[in-house]
Amino acid sequence: MLVVRLDRVFALCYRYFLVLSRSSFRVMDIVFWPVMDLLVWGFVSSYFAKSGGVVSPAVSFLVGGIIFFNVLYRAQQSISVSFLEDLWSRNLLSIFVSPITVAEFVSATYVVGVAQSVTVTIIMSLMASLLYAFDIFSMSWYLIPLFVNLLVMGWWLGLGTTAFILRYGYQAEALAWAVPFLLQPVSAVFYPVSVLPTALQAIAWLLPSTYVFEGMRNILQGGADSTSTLYLVKAALFNLLYWTVTVVFFGKMLSRARERGSLAKIVV
Amino acid sequence: MVELVDIIEVENLAKRFDNSVAIQDVSFTIKKGEFVGLLGSNGAGKSTTIQILLGLITPSAGKVRIFGLSPWKERVQVLARTNFSSAYVAMPPNLKVIENLEVFARLYGVRDRKAKIQELMSLFGIEQLSQKMTGALSSGESTRVNLCKALLNDPELLLLDEPTASLDPDIADKVRNLLKQVQKERALTVVYTSHNMIDVEELCQRVLFLHQGRIIAQGTPAELVANLGEESLEEVFISIARDRVRLPHSQQ
């Protein structure tokens, strides 16, 4: 599982980029919807700010939340939707019976996830700068741990989703789109954790994304200090824990799928 | 002269799914350079056997060795020397044929990819398709592109799952001739499943008949026809599928 040959990873990345670049549906999915989100919610919050109903940093919080949530969403989607696309095009069997390791397969989807997330972040940040005077670079070096933490969370969420699809087949495919949005309300993307009911707050503090978004708001309010650093360190530790658990879970699900024949059923 | 070493060794293989038995007590060996047909009606256990050989399913019991290696523990080494083609798999439709073959050549670590792809496209007479989108190919063209992909790594073992399914008789005949030629030239070991008995009679040196998860007959197509007192392999197939035959002990 841990052997990774870069030429094979490159081969899969090359294929993903060709497939993506020729699919208007996927390009739309990756660029169009995030841009629409940014336009609609950005203007809504600008309107509230102008009409005096919202304090000024709220626009930044919302725009930052939209941009950074897309990092997580793209990273998760790159893994689970790439897997589903191979299933739908009946190509997965040819991949699974080639001498590619699971680590190589997953690495390629990680690379694609990074590329998609970076692209979407650049586009959205430019737009946010032009439309809402949102300066993503005001977060200085904190940008890197914010981005990386969400990327890693997207990776383990994507791997976990794929594990369920492997084990339960097509009936689990809706998870590929649903999982990030299931976590969104308790990740405090657009509002502070303190807004949530106590029980949900307890759940929220178990998610790395919560620390990232709390940290982002703290930084945007000028609090680039030890509190923000602590948030990001906690996010990293939770990510490390969940990523390790997900890798083990994926291995077990793959093994179960081989035992129960569900791997053969979905790829054939 | 073909070296008579066992490429595939299967011993007492069994696979159970929940309460059903897919295969039981299946044993066979396939030697280097053999072209072996795996036959049986739907649900006989052919697909399960092929999927076990490909490492997609782990057996409930029994032993499988391919090139003397385990298809699960030494999966990458086994698959690097094996390839597979099926009428039921496809490649991404919005990639050109040449791009799809290039990707698989990279996955199999083929050296001098361009020359190898060119050689195989020329062998299968599909050079003119290289810039065509894979999704726009006809069934016959798709089959030949899939066979190109299946030979990219100069495999020692080729698993073919109904490669001529959905082809018209003319194209099916051309594909059979190409397979015969390739197998002979490269001393390939081929495991072949098909419901087309013309394919099997023309191509397979030996046939393993599966019925209700067990191998119930094996031999050359001519031996099976003679021993079961039927007129053709198709009739042998039907008799076995309908439980009309009681096989002599030597055939079991």
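The values are calculated or read from the model by the stated rules, or taken from the named source; none is laboratory data. What you are looking at is a predicted structure, and each value in this text was computed from that prediction instead of being measured. Every residue, glycine among them, receives a Cβ derived from its backbone with ideal geometry; neighbour counts consider all protein chains shown. Surface accessibility is based on the protein's heavy atoms, side chains included, excluding ligands, DNA and RNA. Shrake-Rupley method; radii C 1.70, N 1.55, O 1.52, S 1.80 Å.
Numbers below:
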{"quantity": "Within region B:120-140, tally of residues that are within 13 Å of chain A (Cβ to nearest Cβ) and either among the polar types (S, T, N, Q) or buried (at least 19 other Cβ atoms within 10 Å of the Cβ) (or both)", "calculated": "1"}
{"quantity": "Failed criterion for residue B:213 (all others in (1) within 16 Å of the chain's Cα centre (by Cα); (2) closer than 27 Å to residue B:79 by Cβ; (3) modelled with pLDDT of 90 or more hold)", "calculated": "(1)"}
{"quantity": "Candidate set from region A:112-137 (those that are among the β-branched types (Val, Ile, Thr) and in contact with a Phe, Trp or Tyr (Cβ under 8 Å, 6 or more places away or on another chain)); member that is least open to solvent (accessible area, probe 1.4 Å)", "calculated": "A:112"}
{"quantity": "Top-ranked residue of region B:91-119 - restricted to ones that are more than 20 Å from residue B:139 (Cβ to Cβ) and not in a helix (DSSP H, G or I), ranked as farthest from the other protein chains (Cβ to nearest Cβ)", "calculated": "B:112"}
{"quantity": "Region B:102-131 residues that are among the charged types (D, E, K, R), paired with ones that are surrounded by fewer than 19 Cβ atoms within 10 Å (Cβ to Cβ) and part of a helix (DSSP H, G or I) (beta carbon under 9 Å, 6 or more apart)", "calculated": "B:102/A:14; B:102/B:113; B:102/B:114; B:106/A:7; B:106/A:10; B:106/A:14; B:106/B:113; B:127/B:118"}
{"quantity": "Residues that are farther than 16 Å from residue A:190 by Cβ, exposed (fewer than 13 other Cβ atoms within 10 Å of the Cβ) and of a type in the set (Ser, Thr, Tyr), drawn from region A:13-52", "calculated": "A:21, A:24, A:51"}
{"quantity": "Conditions (1) more than 13 Å from residue B:191 (Cα to Cα); (2) in the same structural domain as residue B:225 (by TED's automatic domain parsing): number failed by residue B:30", "calculated": "(1)"}
{"quantity": "Test set (1) within 11 Å of chain B (Cβ to nearest Cβ); (2) crowded, with 22+ Cβ neighbours inside 10 Å; (3) at pLDDT 90 or above; (4) within 23 Å of the chain's Cα centre (by Cα) - residue A:8 fails condition number", "calculated": "(4)"}
{"quantity": "Residue check, residue B:8 within 8 Å of chain A (Cβ to nearest Cβ) and open to solvent by less than 20 Å² (accessible area, probe 1.4 Å)", "calculated": "no"}
{"quantity": "Residue ID - nearest to the chain's Cα centre (by Cα), chosen from residues in region A:231-268 that are open to solvent by 60 Å² or more (accessible area, probe 1.4 Å) and charged (D, E, K, R)", "calculated": "A:234"}
{"quantity": "Inter-residue pairs, beta-carbon under 8 Å, first surrounded by 14 or more Cβ atoms within 10 Å (Cβ to Cβ) and in region A:138-150, second outside any helix (DSSP H, G or I), 6+ apart", "calculated": "A:139/A:224; A:142/A:224"}
{"quantity": "Search result, residues across region B:11-30 that are more than 13 Å from the chain's Cα centre (by Cα) and either open to solvent by less than 20 Å² (accessible area, probe 1.4 Å) or within 20 Å of residue B:74 (Cβ to Cβ) (or both)", "calculated": "B:11, B:13, B:14, B:15, B:22, B:23, B:26, B:28, B:29"}
{"quantity": "Residue A:103 vs. criteria more than 20 Å from residue A:21 (Cβ to Cβ) and either modelled with pLDDT of 95 or more or of a type outside the set (S, T, N, Q) (or both)", "calculated": "yes"}
{"quantity": "Condition check for residue A:128: of a type in the set (A, V, I, L, M, F, W, C) and in contact with a Leu (Cβ under 9 Å, 6 or more places away or on another chain)", "calculated": "yes"}
{"quantity": "Selection within region B:204-231 - among the acidic types (Asp, Glu) and either open to solvent by 70 Å² or more (accessible area, probe 1.4 Å) or not assigned by TED's automatic domain parsing to the domain that holds residue B:194 (or both)", "calculated": "B:223, B:231"}
{"quantity": "When residues of region B:141-157 are limited to those that are in a helix (DSSP H, G or I) and open to solvent by 10 Å² or more (accessible area, probe 1.4 Å), the one nearest to the other protein chains (Cβ to nearest Cβ)", "calculated": "B:146"}
{"quantity": "Pair list, Cβ < 7 Å and 6+ apart or interchain, from region B:62-87 residues that are facing chain A (nearest Cβ under 8 Å) to residues that are charged (D, E, K, R)", "calculated": "B:86/B:161; B:86/B:162"}
